[in-house]
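Engineer: After the structure tokens below, expect a handful of questions from me.
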Amino acid sequence: MRRKRRRADQQQKLPAAEESQTEIQRLLAAALRHHPAGRLAEAEGLYRRILALDPRNPDGLLLLATIAYQTTRPDLAHELIGQAIPVAPDTASYQANLGKMLLQLGHTEAATACLRRSAALAPDVAETHKSLGMALHRIGETGNAEDCYRQALSLEPQFPAALNGLGNVHLELGRLDDAVACYRQALKIDPGYADALGNLGNALLRQDQLNEAAECLQRAITLSPGLELAHFYLAEVRRKQERLDEAVAGYRTALALNPDREVAHHNLGAMYMRLAHPQAAITCFRAAIRLRPGFPEAHTNLAMSLLTLGEMPDGWQEHEWRWQVSPLAEAKRDFSQPQWCGAQATGKTLLIHAEQGYGDTLQFCRFASLVRERGLRVIVEAPSPLVRLLSGLRGVEQVVATGGTLPPFDLHCPMLSLPLAFGITVDSIPGGTPYLFADSAEVAAWAARLASTTQAGPRIGLVWAGSTRTAWPAAAEIDRRRSLPPALLRPLLAIPGLQFYSLQIGGPPAPAASPLVDFMHEMHDFADTAALVTNLDLVVSVDTAVAHLAGALGRPVCLLDRFDHCWRWLAGRRDTPWYQPLRIYRQPRPGDWDSVVAELAADLSELSEGWRAALQNSKPPIDAK
């Protein structure tokens, strides 16, 4: 009797189970009409009704998880999809959907495992291979990612997302032409693919095809205003086009969309430096460093901004990060001897080694005498064109050419780390000049030669261009901005009564038919140039080593300075504590050399008029006869 009753009960339950499954299928069909149409609330209600009938229904769990993700409830999404997988662990579509959702949530390693399993279960699904390619690319398996994208395209040749992913691989590997081809092919299939447009814009930016890059990026932004990277890359284009205000606006928009992109904070700070807003730049660099504490470029540029404002103690400390930025990172010296940081070391021998340019060496070699005052023996290593001049530096026992054999030493210090070692502030800069001296016999020889070969009048040396550091792109950009077209010098050269001497080496030639006297072909090193400069009344120079040379020799200098001036000249000043006889003529706007030359021409005209008046009022010598 009991067996018959049990069998009867089971027969009564079967229709109910079938009815439940039928209802689930009906609800699922209705939900799948609402969900793709974006009616998420209606779809979510239906999925929840499915789960009320069958709490372990994998479709309901998976699709409700999708709704949770779409409505920014990632924790719930993760929990639900985790419940779905054990119910049907060998269902390829579930593994693929879980992998894609985990990838979007940033769980890349877990996503990779799910997508690998899905690809193994269903190897002919192009979408899975594409998603696996994305996951592998994110974890740095670039070669495997490329294989996945190519597999996806072999299954579905007209697959824009796979072409876009393959383009990203090419871009990372520096295969720019291949990347551009992939993005263009994806856009041929889907002209409204905003991500591919943004990536194409980035690739064209790297090829310096700036106008087309800007066009692509603007189209991407029109299609998808929230595409943060498109705003970022467009800002990069505007920076290269020197449209600085637009670059600032682009970086700010990108950061409004994604405040956690540290490189956008850094690049915005760099724009504020270009626009001579050092305090705003400091805020940006500090934000970048908060997001990535070991960001060497941000630390180094923070140093520049702090030093520009005269905040030297913090600035010198941050400046030590320069050794982690290319190309200085490759030039860092690997001595076994410790670096000297200012401690008392009486009787020890310190090697001070030059770094960066000639101007830096001429500016910072002054600290050698302070080292000697602390009881250390001093050896200086410097580029060979400076050796003869620096050999007369007070407190230095020996000067060695860079690359030569070094004598024994106990401690070493890079030259631009000396201010940190001494705790230098704006008020404690050793600014007494001269601290470098030309050979007296050579000075006398030039004095006699100039007196016999040129007319009377103030003698003015002139430099209009700095050298170009082609191996350092950021420095090369600065080199272009610090130099001025020599044709703009005509108003200076036309001032009567002044004798102009070229101190220019390399760079664009002087204006045609200019009255410049040029002896530079006779200059073999800085000691030769120092002897000539000592005989001049004034040096007019852009920000080059010659300006530092004249300042170190105690000669008056008029510095023609770009708008985004170097940190060493300090913000808001016409003078400098580094060289007492130096006056700064700074661009009032980026690139405005005309105003600089006009102001200097007015001052030099006064100098010429004053000299002529003094000459007219002086009495000739009394004839002894």
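Engineer: Before anything else, pin down the relative contact order of region 404-488: Cα pairs under 8 Å, at least 6 apart, normalised by residue count, whole percent. Could you put the intermediate results ahead of the total?
Structural biologist: Values: 20 pairs, mean separation 14.1, N = 85.
The value is 17 percent.
Engineer: Here's a follow-up. Using Cα atoms only, what is the angle between the long axis of helix 142-155 and the major principal axis of the chain, expressed in degrees (0 to 90) to the nearest 10?
Structural biologist: 50 degrees
Engineer: Suppose every K and R has +1 on its Cβ and every D and E has -1 on its Cβ; what is the size of the dipole of the chain about the Cα centre, in Debye to the nearest 20? All intermediate terms of the calculation are to be shown ahead of the outcome.
Structural biologist: Details: 63 positive and 67 negative charges, 327 e Å.
Here the chain has a charge dipole of around 1580 debye.
Engineer: Over region 378-424, what is the relative contact order in whole percent, taking alpha-carbon pairs under 8 Å and six or more residues apart? Please list the in-between numbers first.
Structural biologist: Details: 33 pairs, mean separation 16.7, N = 47.
Reported relative contact order: 36 percent.
Engineer: Taking K188 as the anchor, which aspartates and glutamates have their alpha carbon closer than 17 Å to its alpha carbon, excluding any fewer than eight residues away along the same chain?
Structural biologist: E156, D177, D178, E212, E215
Engineer: Based only on Cα atoms, what Rg/Rh ratio does the chain have, Rh being taken as Kirkwood's radius? Each step should come with its number before you reach the end.
Structural biologist: Numbers: Rg = 35.3 Å, Rh = 30.1 Å.
Ratio value, two decimals: 1.17.
Engineer: Between A256 and R175, what length comes free when the chain is fully extended (0.36 nm per residue of separation minus the Cα-Cα distance, one decimal in nm)? Let's see the in-between values first.
Structural biologist: Working: separation 81, 0.36 × 81 = 29.16 nm, distance 3.13 nm.
Extra length from A256 to R175 when fully extended: 26.0 nm.
Engineer: Let me ask another. Suppose a student asked you for the relative contact order of the chain, using Cα pairs under 8 Å spaced at least 6 residues apart; what percent would you report? Could the numbers behind the result be given before it?
Structural biologist: Details: 1005 pairs, mean separation 44.4, N = 625.
Dividing the mean separation by the residue count of the chain yields 7 percent.
Engineer: For region 440-616, what percent of Cα pairs sit more than 21 Å apart? Display every interim value, and only then the final one.
Structural biologist: Numbers: 7528 of 15576 pairs.
Roughly 48 percent, once rounded to a whole number.
Engineer: Continuing with this model, one more query. For K348, list the aspartates and glutamates whose Cα falls under 15 Å from its own Cα; do not include residues on the same chain fewer than 8 positions away.
Structural biologist: E373, E397, D410
Engineer: Treating the angle as unsigned and between 0 and 90°, give the value, to the nearest 10°, between the Cα long axis of helix 176-189 and the longest Cα principal axis of the chain.
Structural biologist: Result, in degrees: 40.
Engineer: Going by amide H atoms built from the backbone, whose H comes under 5 Å of the H on L376, apart from near neighbours?
Structural biologist: Answer set, sorted by chain and number: G347.
Engineer: Taking a ≥ b ≥ c as the square roots of the eigenvalues of the Cα gyration tensor of region 333-428, is the shape rounded (a/c under 1.5), prolate (a/b larger than b/c) or oblate?
Structural biologist: The shape class here is rounded.
Engineer: Another question about this same structure. Angle between the Cα long axis of helix 160-172 and the longest principal axis of the chain, 0 to 90 degrees, nearest 10?
Structural biologist: 30 degrees
Engineer: From largest to smallest, what semi-axes in whole angstrom does region 410-501 give when each is the square root of 5 times an eigenvalue of its alpha carbon gyration tensor? If you can, show how the numbers build up before the last one.
Structural biologist: Numbers: eigenvalues 227, 121, 41 Å².
That gives 34, 25, 14 Å for the three semi-axes.
Coordinate-derived values only; no laboratory data. In this text the structure is predicted, and so the values were computed from the model without any measurement. Because the Cβ atoms are built from the backbone with ideal geometry, glycine has one as well, and the counts that use them run over all protein chains shown.
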